[in-house]
Amino acid sequence: MYYVIDLREKMNRNPYITFWRPNDAGYCYPVPWAGEYTEKRIIEGDDYYTQRRWQERTGAYTGIWERVAVRTDLIKPFCIEPAHGMVDGNIGPVIANTGKIRTALRRLRFILPKERIAP
């Protein structure tokens with residue numbers, strides 16, 4: 001299973017990493033509120049679930065990864081409890097939104113079959 005994580009530049013100032021909720025229905029910080037997506041759904045959704053930043057100079061989505069799918073078990077080392085009052089009901093865990101963590105999550109992203117290098 002995978003979480004879809006939104007790493008758009010406009011989200012960089014948020015205190016915690018932003019996850020997609022179940023069924024593509026909004027955003028959240030707490031991991032327990034995040035939707036779990038199957039590999040099949042991620043593959044079928046293609047660029048909907050994994051997308052790079054739009055680049056004016058190339059006229060295409062060729063920039064840094066802004067939306068990534070990461071296996072649910074791989075995010076556990078990043079989890080922390082939220083600061084009191086930052087999340088409704090102080091529900092956690094969450095993931096701190098830092099440049100280092102965003103880079104790590106991008107490195108852990110699911111690579112679509114069309115992007116894989118053939119042996």
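The values are calculated or read from the model by the stated rules, or taken from the named source; none is laboratory data. This structure is a prediction, so every number in the text was calculated from the model and none was measured. Glycine gets a Cβ as well: all are built from the backbone with ideal geometry, and neighbour counts include every protein chain shown.
Among ARG52, ARG21, which is closer than 26 Å to ILE91 by Cβ, surrounded by 12 or more Cβ atoms within 10 Å (Cβ to Cβ) and touching a Phe, Trp or Tyr at 6+ places or on another chain (Cβ under 7 Å)?
ARG21
When both residues are 6+ apart or on different chains and their Cβ atoms are under 6 Å apart, which pairs have a first residue that lies in segment 58-78 and is more than 14 Å from ARG107 (Cβ to Cβ) and at pLDDT 85 or above, and a second that is of a type in the set (A, V, I, L, M) and surrounded by 13 or more Cβ atoms within 10 Å (Cβ to Cβ)?
GLU66/LEU7; THR72/MET1
Determine whether segment 12-23 contains at least one residue that is at pLDDT 95 or above and assigned to a helix (DSSP H, G or I).
Yes, that holds for at least one residue.
Given ARG71, ARG67, which one is within 14 Å of VAL4 (Cβ to Cβ), touching a strand residue (DSSP E or B) at 6+ places or on another chain (Cβ under 7 Å) and surrounded by fewer than 17 Cβ atoms within 10 Å (Cβ to Cβ)?
Criteria check complete, one pass: ARG71.
Could you say whether any residue in segment 41-50 is within 14 Å of the chain's Cα centre (by Cα) and at pLDDT 95 or above?
For segment 41-50, residues within 14 Å of the chain's Cα centre (by Cα) and at pLDDT 95 or above: present.
Tally the residues that are farther than 18 Å from ILE101 by Cα and either of a type in the set (Lys, Arg) or assigned to a loop (DSSP other than H, G, I, E, B) (or both), restricting the search to segment 24-52.
Residues in segment 24-52 being farther than 18 Å from ILE101 by Cα and either of a type in the set (Lys, Arg) or assigned to a loop (DSSP other than H, G, I, E, B) (or both): 8 in total.
Within segment 93-119, take every residue that is in contact with a strand residue (DSSP E or B) (Cβ under 7 Å, 6 or more places away or on another chain) and either hydroxyl-bearing (Ser, Thr, Tyr) or outside any strand (DSSP E or B) (or both) and give me the one that is nearest to ARG41 (Cα to Cα).
PHE110
For segment 72-105, how many residues are under 15 Å from CYS28 (Cβ atoms) and charged (D, E, K, R)?
1
Just to check your reading of the model, which residue among ARG13, ARG41 is surrounded by 13 or more Cβ atoms within 10 Å (Cβ to Cβ) and of a type in the set (D, E, K, R)?
ARG41
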